[in-house]
Structure formats: C-alpha cells, structure tokens
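Remarks on the structure that follows.
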Amino acid sequence: MKTAPAPLEIVAADGFELITADGRRLIDGMASWWSVCHGYGQPHVVEAVQQQLVRMPHVMFGGITHEPAERLASRLVTLLPGDLDHVFFADSGSVAVEVAMKMAIGYWQRHGKPTRNRFVAFDHAYHGDTTGAMSLCDPNRSMHASYGDAILTQRHCALPTDEVSTEVFARLLEQRRDTIAAVVLEPLVQGAGGMRFHDPETVARVRSLCDEFDVLMIADEIATGFGRTGTMFAIDACDVVPDILCAGKALTAGTMTMAVTVARQNVFDAFWSDHAEDALMHGPTFMANPLACAAANASLDLFETEPRVQQAREMEAQLRTGLEPCRDLPGVVDVRCRGAIGVIQVDRLPDVEQLRQRFVDAGIWLRPFGDCIYMTPPLNLPRELVDQLCSVVVTEVTRAF
Ligand code: PLP
C-alpha cells in the first residue's frame, strides 16, 4: 500500500446515499465531514443555488455588497447570542480561523498592545490546515505533527475540566497575559484531534477565566455549528458569548465552500475608525460568494421550517442505544454520543483499510480516523437508516476485534 489507499469513486449523491461508480448505494454516515446537514439534493437548496447561478454566480465583495450576503449576515447575527453582530465572510473553515486570529492580534494592536500576538489552544485541538490554523492544532496528536518546528506552535494546555487543570490554565493566563491575544476552543466537541467531548461548564469556565485575565475568547464552531450537538450552536448549551466565533461546514448545507468569522461589537469597534489603516485587511477572491450565500440562506430556511435541531437531539439517544453493544468489546476504550455524533474509541485501530472496505461492502460510508470509528450523519437521517448504520458498525467492529 502507498501512503493512501485508492479512493472510492462516487458518481452521485442522492438523499442520504452516495452512489459508487459500480452502482452501489452507501448510507453516508459522515455527511461529507459534518457538512451535509439536510442530506444531499434538498430541492429547496438546489433551487436557490440554481436561481442564483442564473442571476449572479459571483461578484467581488470589495466595495460591493449584495442581497444574499446582507440577508445571510442579518440572519446569522439573529441566531447567535449576545452582540456577536459582525459577520466576516471567509471561503473555508481554516480561513475563518485565520481571520479570527488576525482579528484578535489586530484588536490588541489597536489597543496599543502589540505584544499580545500569541494564542492558547487546548490539547487535542484541531482548527484547520492552513499554517496559522495549524499552529493551534495539538502539536503532539495532530495530523500536522510531521512539520515539527517548521510551523509556529502556539501554547497548548489541558482543558480546564477539574480543579487541577483549571488552576494550570488560570496560571498560564495570569503569567502570560501580556503576550496572549486569545484562547481558542472547540466548544463541547473537539473534532479531528480525537472526537473528545467536554461539558458546558468547562466552556463557561474558559469564558470566565478569559474575562478574569482580559483575554479574548474564540469559539471554533466550524464542526459543531448548525445543530450538530443538539443546539443550533454548541455555545447555546453553555450560556456563553465568545468574542469571536467561527462557523463553516454545515453553513451552506454542504453545497458550497464558505465559512464565517463573527465578531462582537468590542472587536468590531477596534477596526472601525476614521483611519483607513485600521481596517481589517483580508479579502479573499470568493469572499461572500453569492451562490454560497444563497445555499446558506436556503439551509437556514430548512432549519426554520423543519425540526432539524430537535432531530439531532433525538438521534443522540438512538446512537447511544445502537452503539452500546460495542462498549464491552475488547479493544474498545469508550463509546460516546452527543447530538448527531457517535464515537467508538479503540486502543488500536485494526486494519483501517479493511474495516472501511467492510463498511462499504455492508452498504455504509464511514472513515475511521486516529483511534476513532465515528459517525456524523445528516441531522435528518431517518431512524431506520440510523439503526442500519449502527448495526453495521457493531457487526464489523465486533468482527475486527
Ligand atoms: N475547525 C474545526 C473545528 C474543524 O473541524 C475544521 C475542519 O474539519 C476546521 C476548523 C477547518 O475547516 P475547513 O476544512 O473547512 O478548512
């Protein structure tokens, strides 16, 4: 085998299924990396994108604005808590994180504190693949470990889940506050760094320590946003308002590439002045692409007209029951579920390629990664398909161990 196995050719995606080149239909247990939250080919989304394609597929977003972007921004700020009122359109999740970092550094520069240009992130963090975002990823566990010293590494520490780790985190903020621009956190679920969960109190603790030591808080909701954890945003369950929030993936229902970085009023105010040099300089070519905005607006319509978030909440119980038989298998370390996320953590992943092939042969698409076999299906995956997904996983994981 070379560094990667041969990819599976997919020729179409229909509803909740991927269709392979040789005509098989696979239930998509990944929702194409958390993004296809309503399933594939939702007529309302398709129609919105088609109409926008005819009207105006793209226009630059410098010195120009357009209705799909204006409407999307105003809907997002209505959905988000507190004064998270200012939306910056990025073109991918990683870029949204880069923008958040630039906002945080720029905020302190404009407050006369240019040494506050470093970040604190957490063990097991994953925030994207561009170089700034990479610097926030856990250097020991992330897929970027091979870059070593070539990439700047920010400071990492354990999540403040108990008294000891809270003490360590607080001490770090206290001692290094003059150099720290922001703390960056994936609220409730750390994704690609290990599919690890923490509770709302931990998120609230991060917020209150950021307040105590006057450090900005960035919530990376690129994976957790739009219903995935059982509330529209994970922070909704934590009763906190971060200073900056990133969202992406399911923003456009998985149809177009777009993400957003949303800032609170205090952050926005730092860049809003009579001096042109105070502006936030970041202008990707496809910023606020109208097709992506149309898809995102149509997706938000579906969140309004259908009980999508409730469906994610209900899926949690079903995943819990369905995956429970794995708990007692040798090699299984943990089985955990939150919203529309199911994770089986193992002490050693068996032959991943063989396992993936067995999943495909049994009619499902999952991509085990790290030490986890995990699923993040469309939030509205019908109950019988959730059962089918779980039953194949239980059978194949049992066989593998
Ligand atoms: N942040 C988190 C928490 C993510 O899960 C991801 C992607 O998996 C990213 C950032 C990067 O997003 P993208 O892959 O769209 O660049």
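Of the residues making up region 372-401, those that are of a type in the set (A, V, I, L, M, F, W, C) and within 19 Å of T224 (Cβ to Cβ) are C372, M375, L379, L381.
Yes or no, residue by residue, for (1) in contact (Cβ under 8 Å) with a residue 60 or more places away in the chain; (2) farther than 24 Å from P7 by Cα; (3) touching a Phe, Trp or Tyr at 6+ places or on another chain (Cβ under 6 Å):
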| residue | (1), (2), (3) |
| --- | --- |
| A295 | yes, yes, no |
| E314 | no, yes, no |
| R348 | no, no, no |
| I364 | yes, no, no |
| D371 | yes, no, no |
| D387 | yes, yes, no |
| R399 | no, no, no |
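Candidates A312, A362, A298, A317: the one that is assigned by TED's automatic domain parsing to the domain that holds H124 and of a type in the set (A, V, I, L, M) is A298. Against the list (1) farther than 25 Å from T166 by Cβ; (2) within 13 Å of the ligand (Cβ to nearest atom), the condition L245 fails is (1).
This table checks each residue for (1) among the charged types (D, E, K, R); (2) part of a strand (DSSP E or B); (3) more than 16 Å from the ligand (Cβ to nearest atom).
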site: C37; (1), (2), (3): no, no, no
site: V54; (1), (2), (3): no, no, yes
site: M60; (1), (2), (3): no, no, yes
site: G63; (1), (2), (3): no, no, yes
site: E70; (1), (2), (3): yes, no, yes
site: V87; (1), (2), (3): no, yes, yes
site: V97; (1), (2), (3): no, no, no
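Could you list all residues from region 77-103 that are of a type in the set (G, A, S) and either more than 17 Å from D243 (Cα to Cα) or crowded, with 22+ Cβ neighbours inside 10 Å (or both)?
Taking region 77-103 and keeping what is of a type in the set (G, A, S), we get 82, 90, 92-94, 96, 100.
Matches in region 77-103: A90, S92, G93, S94, A96, A100.
Checked against (1) more than 16 Å from the ligand (Cβ to nearest atom); (2) aromatic (F, W, Y); (3) part of a loop (DSSP other than H, G, I, E, B), Y126 meets all criteria but (1). If the condition is being among the polar types (S, T, N, Q), surrounded by fewer than 20 Cβ atoms within 10 Å (Cβ to Cβ) and farther than 11 Å from P377 by Cα, then region 1-50 contributes T3, T20, Q50.
Region 257-369 holds helices (runs of 4 or more DSSP H) entirely within its bounds, and those carrying 2 or more residues that are under 21 Å from G227 (Cβ atoms) and basic (K, R) map to 308-323.
Screening Q154 on (1) modelled with pLDDT of 95 or more; (2) closer than 21 Å to V267 by Cβ; (3) within 16 Å of the ligand (Cβ to nearest atom) shows it passes everything except condition (1). Restricting G82, G93 to those that are within 14 Å of the ligand (Cβ to nearest atom), in the same structural domain as L216 (by TED's automatic domain parsing) and out of contact with any Phe, Trp or Tyr (no Cβ under 6 Å at 6 or more places or on another chain) reduces the list to G93.
Looking at R171, R228, R176, R205, which is the one that is away from the ligand (no atom under 16 Å from the Cβ), at pLDDT 95 or above, farther than 23 Å from N140 by Cα and not aliphatic (A, V, I, L, M)? Being away from the ligand (no atom under 16 Å from the Cβ), at pLDDT 95 or above, farther than 23 Å from N140 by Cα and not aliphatic (A, V, I, L, M) holds for just one of R171, R228, R176, R205, which is R205.
Quick one: which residue in G132, G112, G106 is surrounded by fewer than 23 Cβ atoms within 10 Å (Cβ to Cβ) and either within 11 Å of the ligand (Cβ to nearest atom) or not in a helix (DSSP H, G or I) (or both)?
Values: G132 fails: either within 11 Å of the ligand (Cβ to nearest atom) or not in a helix (DSSP H, G or I) (or both); G106 fails: either within 11 Å of the ligand (Cβ to nearest atom) or not in a helix (DSSP H, G or I) (or both).
None of the others qualify; the one that does is G112.
The values are calculated or read from the model by the stated rules, or taken from the named source; none is laboratory data. All values reported here derive from a predicted model rather than from experimental measurement. As a convention, Cβ positions derive from the backbone with ideal geometry for all residues, glycine included, and neighbour counts pool all protein chains shown.
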